[in-house]
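Asker: Following this message is one structure expressed as structure tokens.
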Amino acid sequence: MRKGCSKFFLEDERQFERWNDSAIKSLKAEFKLFKDVVVLSLMHPWERDARLLKKALKKGPPHYNVIVEIACTRSSDQLLGARKAYHSLFDRSIEEDLASHVKGSERKLLVALVSAYRYEGPKVKEDAAKSEAKALLNAIKNNNGDQKKKAMEEDEVIWILTTRSKPHLKVVYEQYKKISAKTITEDLEVELLLKETVECLCTPQTYFTRVFDTALREDAKEDAKKALTRLVATQEDVDLKGIAAKFEDKIKERVKGAYKDVLLGVLADDRK
Amino acid sequence: MNDIATLRIFMVFVCTCNTAIWPELFKGWRLEKFLNSEENRKSNEAVVVQKDKCHESCVIQKEIKEEEAMATLTVPTTVPSVSEDCEQLRKAFSGWGTNECLIIDILGHRNAEQRNLIRKTYAETYGEDLLKALDKELSNDFERLVLLWALDPAERDALLANEATKRWTSSNQVLMEIACTRSANQLLHARQAYHARYKKSLEEDVAHHTTGDFRKLLLPLVSSYRYEGEEVNMTLAKTEAKLLHEKISDKAYSDDDVIRVLATRSKAQINATLNHYKNEYGNDINKDLKADPKDEFLALLRSTVKCLVYPEKYFEKVLRLAINRRGTDEGALTRVVCTRAEVDLKIIADEYQRRNSVPLTRAIVKDTHGDYEKFLLVLAGHVEN
């Protein structure tokens with residue numbers, strides 16, 4: 001490995017005093033991502049999710065999308081396991097903590113998302129899906145003008161998105177497309193958290209693609225890269241493979257070291 | 001036995017002018033529909049306790065020990081083998097009429113685990129679901145009591161909750177009762193049983209069939225998975241007591257914060273908060289919530305508080321109202337006895353005696369009769385003198 005980074009170290013020795021710190025810093029940053037992936041992958045998924053939730057809550061509103069991601073992309077039993085782990089780790093329930101620490105308009109939505117225990121079977125009610133698509137459309141259109149109440153605070157919206165099963169919501173998504181010119185996610189550009197909720201529940205592939213894209217850009221920020229790390233460590237390879245394949249070139253170009261191997265490993269057939 | 005069924009239907013049509021019959025009628029139909037769905041389901045392996053974390057299995061052990069002390073159910077020290085029980089039950093059904101005494105003697109003295117085993121073995125031995133056989137043989141209040149009793153507690157809760165969301169038998173009270181008086185894991189198992197039976201989630205149905213403030217309260221209650229530890233944060237209790245007092249003084253009863261405290265905090269924490277409320281502001285919170293006696297939402301809110309901190313008082317009141325009024329509310333009586341016999345009926349009975357100066361068993365004898373009365377007494381731990 002030293003040989004691979006020899007150029008790096010040469011620079012180091014030539015300007016020993018001045019570059020030492022920054023070199024170490026970039027090395028650390030390099031390995032931090034790798035370390036994160038490893039630590040996340042090795043922890044029990046329930047504990048991992050519980051810790052991720054706690055951290056996101058602590059960090060505040062810009063990180064609430066992590067809560068949405070976990071609550072919406074896990075299966076009912078995985079989310080339940082995370083809630084149990086949270087009890088054991090922090091002596092409180094996740095609902096309590098969310099309900100008392102989230103102050104803004106997203107509180108109702110987040111608490112409800114995290115409390116969900118969705119039915120997982122394929123059975124779907126077409127008629128209910130149609131009327132619910134309409135209700136969502138009304139809620140979104142009505143609130144685009146009125147700045148006081150957002151769509152994510154509407155009780156109808158919340159209970160549809162947090163109690164219905166995922167297959168049912170996918171049908172609602174399709175029905176919405178029929179009655180509105182755009183998809184729900186397009187209409188929700190203004191309310192990012194709600195948009196991500198719908199994405200994760202109905203079209204998770206879109207969400208994953210966006211995370212990959214943002215993280216592999218030239219000017220990608222820390223958080224974006226962390227998001228990618230989190231995805232890679234927590235989602236099933238099967239779900240990510242197709243997307244990772246599209247970004248293969250960018251991965252080879254932009255990412256270095258062991259972390260690159262991890263990302264490319266998602267593409268390989270026999271990981272783990 | 002088909003004669004009895006036809007006779008039952010005939011009697012029902014004759015009595016259609018009596019609207020009080022309708023809820024009972026639908027309850028019967030609901031039970032039958034439930035029984036039919038049994039054919040599609042796997043056996044009780046569907047409701048499995050996840051013992052992944054040591055914490056949880058410790059909690060379950062604690063639950064079982066505590067419950068045994070407060071239950072009224074008596075199980076003989078030497079229990080006959082499961083196959084013997086099944087044989088006896090089969091005998092009780094055969095021939096003309098039914099030997100109700102035998103049914104009461106066996107099922108009335110078996111705990112949930114034993115009953116589950118009996119049902120499984122009966123189905124394997126005779127190729128028929130025990131509940132179906134019972135449904136064919138029995139009728140009315142006695143039948144409902146036996147059928148509800150024979151169910152696994154999680155399935156029973158799922159059935160009661162489902163009934164409570166249907167139009168003719170809707171009951172916000174029952175939903176709240178199930179959500180608040182069960183432990184976090186019991187509520188969870190009920191929700192899992194609901195998935196298995198009805199192919200949808202309890203939360204969906206509650207969201208769909210309740211409205212307004214009731215939905216605002218019931219949906220979080222039913223979705224809760226409370227922390228079960230005894231740890232209490234006194235500073236938090238003070239803050240939240242103050243918050244509750246403010247909201248109640250402003251008559252903001254369905255405020256988000258009020259619901260948040262009641263639906264997410266652990267029972268121990270809520271208890272501490274309400275104690276502090278009383279210390280600081282003089283009144284019990286329920287006294288302050290009596291502002292408008294006709295307001296149904298306030299009534300539900302008061303019952304919620306009761307269920308969370310002293311459920312035995314809540315159940316005592318339900319029983320008192322069910323037994324002492326003119327006519328008996330068999331539905332409520334059956335429900336309370338069935339769901340608490342293995343949990344804390346003893347404490348409830350003590351509370352009943354304290355409040356009404358009459359033992360619960362005597363009140364039951366006075367107000368009910370026949371096999372229904374007999375089975376209730378057996379479940380309530382009454383010993384023949």
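Asker: Which condition number in (1) crowded, with 20+ Cβ neighbours inside 10 Å; (2) out of contact with any helix residue (DSSP H, G or I) (no Cβ under 9 Å at 6 or more places or on another chain) is the one that B:Thr273 fails?
Answerer: Condition (2) is where B:Thr273 drops out.
Asker: Would you list the helices (runs of 4 or more DSSP H) that sit entirely within the range B:109-160 and hold 3 or more residues that are modelled with pLDDT under 90?
Answerer: B:130-137, B:140-150
Asker: In the range A:47-69, how many are over 20 Å from B:Arg226 (Cβ atoms) and among the aliphatic types (A, V, I, L, M)?
Answerer: The number of residues fulfilling the criteria is 4.
Asker: So how many residues does the range B:115-147 have that are without any contact (Cβ under 8 Å) to a residue 60 or more places away in the chain, surrounded by fewer than 16 Cβ atoms within 10 Å (Cβ to Cβ) and of a type in the set (S, T, N, Q)?
Answerer: Residues flagged as without any contact (Cβ under 8 Å) to a residue 60 or more places away in the chain, surrounded by fewer than 16 Cβ atoms within 10 Å (Cβ to Cβ) and of a type in the set (S, T, N, Q) within the range B:115-147 amount to 1.
Asker: Among the numbered criteria (1) part of a helix (DSSP H, G or I); (2) touching a Pro at 6+ places or on another chain (Cβ under 7 Å), which single criterion is violated by A:Lys84?
Answerer: (2) is the only condition that A:Lys84 fails.
Asker: OK, next. For residues that are within 8 Å of another protein chain (Cβ to nearest Cβ) and of a type outside the set (Gly, Ala, Ser), scanning just the range B:209-230, find the one that is nearest to A:Lys123 (Cα to Cα).
Answerer: Per the stated criteria, the residue is B:Leu219.
Asker: State the number of residues belonging to the range B:51-92 that are among the acidic types (Asp, Glu), more than 24 Å from the chain's Cα centre (by Cα) and modelled with pLDDT under 55.
Answerer: Final tally of qualifying residues: 1.
Asker: Quick one: count up the residues across the range A:106-122 that are touching a residue at least 24 places away in the same chain (Cβ under 8 Å) and at the interface with chain B (Cβ under 10 Å from one of its Cβ atoms).
Answerer: Going through the range A:106-122 one residue at a time, the tally reaches 11.
Asker: If a residue has to be part of a helix (DSSP H, G or I) and buried (at least 16 other Cβ atoms within 10 Å of the Cβ) to count, how many in the range B:226-255 make the cut?
Answerer: Summing the residues that are part of a helix (DSSP H, G or I) and buried (at least 16 other Cβ atoms within 10 Å of the Cβ) in the range B:226-255 gives 10.
Asker: Related question: What's the number of the only condition in (1) without any contact (Cβ under 8 Å) to a residue 24 or more places away in the chain; (2) at the interface with chain B (Cβ under 7 Å from one of its Cβ atoms) that A:Lys103 fails to meet?
Answerer: A:Lys103 satisfies every listed condition except (2).
Asker: Return only the number of the condition from (1) within 25 Å of the chain's Cα centre (by Cα); (2) at pLDDT below 85; (3) in a loop (DSSP other than H, G, I, E, B) that B:Gly97 does not satisfy.
Answerer: (1)
Asker: Something else now. Any chance you could count how many residues in the range A:68-96 are more than 8 Å from chain B (Cβ to nearest Cβ), under 20 Å from the mean Cα position of the chain (by Cα) and surrounded by 16 or more Cβ atoms within 10 Å (Cβ to Cβ)?
Answerer: Within the range A:68-96, residues that are more than 8 Å from chain B (Cβ to nearest Cβ), under 20 Å from the mean Cα position of the chain (by Cα) and surrounded by 16 or more Cβ atoms within 10 Å (Cβ to Cβ) number 12.
Asker: Just to be sure, is A:Lys141 surrounded by fewer than 16 Cβ atoms within 10 Å (Cβ to Cβ), within 16 Å of A:Asp187 (Cα to Cα), more than 12 Å from chain B (Cβ to nearest Cβ) and at pLDDT 90 or above?
Answerer: no
Asker: How about the range A:123-138: which of its residues are within 11 Å of another protein chain (Cβ to nearest Cβ) and crowded, with 23+ Cβ neighbours inside 10 Å?
Answerer: A:Glu132 - this is the single residue of the range A:123-138 that is within 11 Å of another protein chain (Cβ to nearest Cβ) and crowded, with 23+ Cβ neighbours inside 10 Å.
Asker: Do any residues in the range A:31-42 that are in contact (Cβ under 8 Å) with a residue 40 or more places away in the chain have Cβ atoms under 6 Å from those of residues that are assigned to a helix (DSSP H, G or I) and among the polar types (S, T, N, Q), where the two are at least six apart or on different chains, and which pairs are they?
Answerer: A:Leu33/A:Thr229; A:Asp36/A:Thr229; A:Val37/A:Thr229
Asker: Confirm whether B:Ala158 is of a type outside the set (Val, Ile, Thr), under 14 Å from the mean Cα position of the chain (by Cα) and within 14 Å of chain A (Cβ to nearest Cβ).
Answerer: It is true that B:Ala158 is of a type outside the set (Val, Ile, Thr), under 14 Å from the mean Cα position of the chain (by Cα) and within 14 Å of chain A (Cβ to nearest Cβ).
Asker: I would also like to ask the following. Going by the structure shown, is B:Ser254 within 13 Å of chain A (Cβ to nearest Cβ) and free of Cβ contacts under 8 Å to residues at least 60 places away in the same chain?
Answerer: Yes.
The values are calculated or read from the model by the stated rules, or taken from the named source; none is laboratory data. If you're wondering where the values come from, they're calculated on a predicted model, not measured in any experiment. All Cβ positions, glycine included, derive from the backbone under ideal geometry; neighbour counts span all protein chains shown.
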